[in-house]
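One structure is given here, and the rest of the page talks about it.
Just so it is clear, none of the values below were taken in a lab; they were calculated from the coordinates. Quantities reported herein were computed from a predicted structural model and do not represent experimental measurements. Methodologically, a virtual Cβ is constructed for each residue, glycine included, from the backbone with ideal geometry; neighbour enumeration extends over all protein chains shown.
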Amino acid sequence: MSPDILVIGGGIAGLSAAAALSSNARVWVLEAEEQIGYHSSGRSATMVHYALGDRLVRELTLASRPFFDHPPADFTDVRIGQRMPVLIHAREEEREALDRLDVELSPFARLERLDEAGVHELCPLLKEDALYGLADFNGIRLDPHALLQGNSRALRRLGGALRTGVRVAIIERHGATWSVTSESGESFSAPVLVNAAGSWADQIAMMAGIRPLGLEPKRRTIITFEAPAGTRLESLPFAKTIADELYFAPESGRLFASPMDEVPSEPMDAQPDDYEVALAAYRMEERTTVKVRQIHSKWAGLRTFTPDRHPGVGFAPDCDGFFWLAGQGGFGLQTSPAMAAITASLILGSPWPIADFTPEALSPDRFAAQHA
Ligand SMILES: Cc1cc2nc3c(=O)[nH]c(=O)nc-3n(C[C@H](O)[C@H](O)[C@H](O)COP(=O)(O)OP(=O)(O)OC[C@H]3O[C@@H](n4cnc5c(N)ncnc54)[C@H](O)[C@@H]3O)c2cc1C
């Protein structure tokens, strides 16, 4: 039997939306790779915190918190996350920026201002010039694989299907039906097609004859390395400079760090570049007392943004039944429960789940003018 809804993309966006839609529709997910979460969703810093993005992103994050704090049944046999404090730190000349962030974040999180002693107590690895801090002791470090698996489990339990190794190559519209053919020649059809193809979402749209949103994939790099002997890794926070220069946190018995690079890229299997790898090590040594003697591992992933850096979620204005779920940038994991609920609301007609903004804020229509 054909599905009601086909979802292209088995990352966190596609799987969480598919799980939410499955309560009232027959949903199939098509993923090009052999494993789910192979691209951006498996390469992130895995945090839930409010220093990411702007007010709308924070609203989406806030609306997602109940899911992370009290996961539903399909997510309770493995821990999808654990508490990790978030510390935003600043030098003397960055103090005003920290004050502004404090004001912006205060509607969303209970924050504590830290003085020099408090900053170094929470993160003893920082150099002496880290004088001011803003701490959210309620941050969450996610397990993205548990999150992806939980969504897949919910999808299957509700009668949906996940097909991996199916790379969509042709998309056609026949009457009121979308017809999709994979590289290997398999065909699928449904009246609604959800485009959750991450960095490839504009390519999927063009395949379907739909106007692209103007998505920009940007590469970000992470390295891991040994912590200094005696470091109490279990009590370290996720520590971020007030400017987007560096973050680091404990990672499987070591440390990870990112120079918060945003290098424009084509949609691809992103690989770390030597320059950003060296920059991560340099900034780590510049802001902390850690010596990065040897890099244990490194990876890169793409964070894909719309032109206004808000997600594009909703039916395409230029063709029936084509639904955009794209542009989750650097916040796609922490906003996935809210984005899935929004998708279900717009496709199935269930109540709009967010009080503080309307569907227009996310609508793909807002990019129509710039393409006209
Ligand atoms: C270094 C880094 C750090 C990050 N840190 C955080 C963080 O701390 N917190 C947070 O919330 N977010 C973070 N993010 C962002 C987050 O990872 C992304 O927003 C999120 O993973 C996007 O999910 P997605 O499902 O849209 O994309 P993806 O996970 O890339 O999934 C898209 C899928 O579509 C598939 N696909 C593409 N084309 C086709 C086709 N033709 N046919 C079939 N399938 C296709 C791809 O194979 C892919 O699996 C980070 C990202 C990076 C790279």
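Quick notes
- Shape class for the stretch 1-109, computed from the alpha carbon gyration tensor (a ≥ b ≥ c): prolate, with a/c not under 1.5 and a/b above b/c.
- Nearest-ten-degree value, helix 144-157 long axis tilted from longest Cα axis of the chain: 30
- Remark: C-alpha extents of the stretch 128-198 on the principal axes read 64, 30, 24 Å, sorted largest to smallest.
- Here the Kirkwood formula puts the hydrodynamic radius of the stretch 248-372 at 17.5 Å, using every distinct Cα pair.
- Here the mean projected area of the convex hull built on the C-alpha positions of the stretch 63-119 is 5.2 nm².
- Ranked Asp356, Asp4, criterion: other C-beta atoms within 10 Å, fewest first: Asp356, Asp4
- If you model the stretch 106-236 as an ellipsoid using its alpha carbon gyration tensor, with each semi-axis the square root of five times an eigenvalue, the axes come out at 46, 18, 16 Å, biggest first.
- Farthest positive-ward along the stretch 81-225 dipole, Cα basis, beta-carbon charges - from Leu142, Leu111, Ile210: Ile210
- Shape descriptor for the stretch 195-259: Rg over Rh equals 1.25 (Cα atoms; Rh from the Kirkwood inverse mean 1/r).
- Ellipticity estimate at 222 nm from DSSP helix runs (n ≥ 4, -39,500 (n - 2.57)) divided over the chain, nearest 500: -7500 deg cm²/dmol
- With neighbour counts taken as other beta-carbon atoms within 10 Å, the residues Leu105, Leu348, Leu21 rank, fewest first, as Leu348, Leu105, Leu21.
- The chain: angle of helix 336-348 to the longest principal axis, Cα-based, in degrees nearest 10: 20
- Charges were assigned to the Cβ only: +1 to each Lys and Arg, -1 to each Asp and Glu. The resulting dipole of the chain about its Cα centre is roughly 900 debye.
- Alpha carbon Rg of the stretch 174-323, scaled by the compact-globule rule 2.2 N^0.38 Å: 1.39
- Counting beta carbons within 10 Å around each of Cys123, Cys319 and listing the fewest first gives the order Cys319, Cys123.
- Reported value for the stretch 297-351: 110 Å³ per residue, from the convex hull of its C-alpha atoms.
- If a spin label sat at a point 7 angstrom from the Cα of Ser2 along the line to its beta carbon, the backbone N atoms of the stretch 125-163 nearer than 19 Å would be those of 160-163.
- Relative protection proxy for 107-119, 299-311, from highest mean packing down: 299-311, 107-119 (other beta-carbon atoms within 10 angstrom).
- Relative intensity of the chain on a log10 scale, I(q)/I(0) at q = 0.08, 0.10, 0.11, 0.14 Å⁻¹, equals -0.40, -0.63, -0.75, -1.17, per a Debye sum over C-alpha point scatterers of equal strength in the absence of solvent.
- Cα centroid separation, the stretch 104-170 to the stretch 36-94 (Å): 3
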